[in-house]
Amino acid sequence: MDLTFDGSTRVMKNGRTTGKTEGILASENDSVCIRNSKVDGKYCIFESCYSIKSLSESPFFEGGDSGSGVFLAGENSECNKAIGIAFASGIEKTYVCKISEIVEAFNIDVIQEEEPMDLS
């Protein structure tokens, strides 16, 4: 997937807290350090994440939005291709795990069909 990080690539997500929001793909290889609330004094570092900047005064991401799919925004602001899953935010940035990393880690097969498949 060819992505640009020059401020022209628009993305969107629909989160539980913030609803539908739009942003700009800001970086391909950002890192974030997050305190692990389950283990006192321990931190998790996530490297090589996408970062997103909001397109409006409202935040792109807030608590409760974790796990929201982030998609390239197509014509008329419809969802296009998935680029990852939003999981954290910092000052003016939202961090997104790359879909390619998720697919690889969970050994997922992605099949594209023109018509919906009957999985029953």
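The values are calculated or read from the model by the stated rules, or taken from the named source; none is laboratory data. Bear in mind the structure is a predicted one, so any value in this text is a computation, not a measurement. Glycine gets a Cβ as well: all are built from the backbone with ideal geometry, and neighbour counts include every protein chain shown. Accessible surface areas use protein heavy atoms only, side chains included; no ligands, DNA or RNA. Shrake-Rupley method; radii C 1.70, N 1.55, O 1.52, S 1.80 Å.
Couple of notes before you dig in:
- For the chain, projected area of the alpha-carbon convex hull averaged over all directions, nm²: 9.5
- Binning the C-alpha pair distances of region 54-120 at 10 Å intervals from 0 yields a P(r) profile of 17, 41, 31, 10, 1 %, listed from the shortest bin outward.
- For the chain, calculated [θ]222 nm from helices alone, where every DSSP H run of n ≥ 4 adds -39500 (n - 2.57): -1500 deg cm²/dmol
- Solvent-accessible area per residue, Å², over the chain with all protein chains present [probe radius 1.4 Å]: 69
- The 3J(HN,Hα) values that the Karplus relation (6.51, -1.76, 1.60; θ = phi - 60°) gives for region 34-41 are, in residue order, 10, 6, 7, 5, 7, 10, 4, x Hz. Gly and Pro appear as x.
- Carbon/sulfur fraction of accessible area - the chain, other protein chains in place, 1.4 Å, %: 47
- Relative contact order of the chain, defined on C-alpha pairs under 8 angstrom at six or more residues apart (%): 21
- In Å², nearest 10: area of V39 left accessible to a 1.4 Å probe: 60
- Using the Cβ of R16 as centre and a radius below 10 Å, the other residues enclosed give a net charge of -2, where K and R count +1 and D and E count -1.
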